[in-house]
Amino acid sequence: MELSYTYEGHESAKDWAAVHFAGARLGDPRRRKRAERIGQAMAERTGETIPELFERKYEVDAAYAFFDRE
């Protein structure tokens with residue numbers, strides 16, 4: 001049996017994240033894109049740790065840096 005997720009009416013986690021983070025005011029547009037990528041990964045792999053969400057070490061480090069920033 002194949003499970004199908006709708007991401008609140010959006011076709012993909014990427015679409016969902018783009019809509020939900022579109023208005024985020026994070027100073028730099030790259031930070032908003034990073035928020036979208038983190039949100040997408042978390043939606044696709046709910047319950048996973050940050051190192052389990054991303055395949056590349058750079059993405060893991062970037063996610064930690066995103067959350068560490070004040």
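Could you tell me the accessible area of LYS14 in Å² (1.4 Å probe, neighbours in place), rounded to the nearest ten?
Number for this one is 130 Å².
At a threshold of 8 angstrom on Cα-Cα distance, excluding pairs fewer than six apart, so keeping six or more, what relative contact order does the chain reach in percent?
Reported as a whole number, the value is 24 percent.
Quick one: what are the phi-derived ³J(HN,Hα) couplings along region 44-55, Karplus 6.51/-1.76/1.60 with θ = phi - 60°, whole Hz, x for glycine and proline?
Calculated HN-Hα couplings, in order: 6, 10, 3, x, 7, 6, 4, x, 7, 6, 10, 7 Hz.
Once neighbouring chains are kept in place and the probe is 1.4 Å, which whole percent of the accessible area of the chain is contributed by carbon and sulfur?
50 percent
Given a 1.4 angstrom probe, what's the average accessible area per residue across the chain, in square angstrom?
Per-residue value: 80 Å².
For HIS10, HIS20, what's the largest-to-smallest order of accessible area, 1.4 Å probe?
So, going from the largest accessible area down, we get HIS20, HIS10.
Could you go through region 18-26 in sequence order and give the Karplus-derived ³J(HN,Hα) for each residue, using 6.51 cos²θ - 1.76 cosθ + 1.60 with θ = phi - 60°, rounded to whole Hz, and x for Gly and Pro?
Once rounded to whole Hz, the list reads 4, 5, 6, 10, 4, x, 5, 9, 10.
The values are calculated or read from the model by the stated rules, or taken from the named source; none is laboratory data. Because the structure is predicted, anything quoted here is derived from the model rather than measured. Quick note on the areas: whole protein, heavy atoms, side chains included, nothing else; ligands and nucleic acids left out. Shrake-Rupley method; radii C 1.70, N 1.55, O 1.52, S 1.80 Å.
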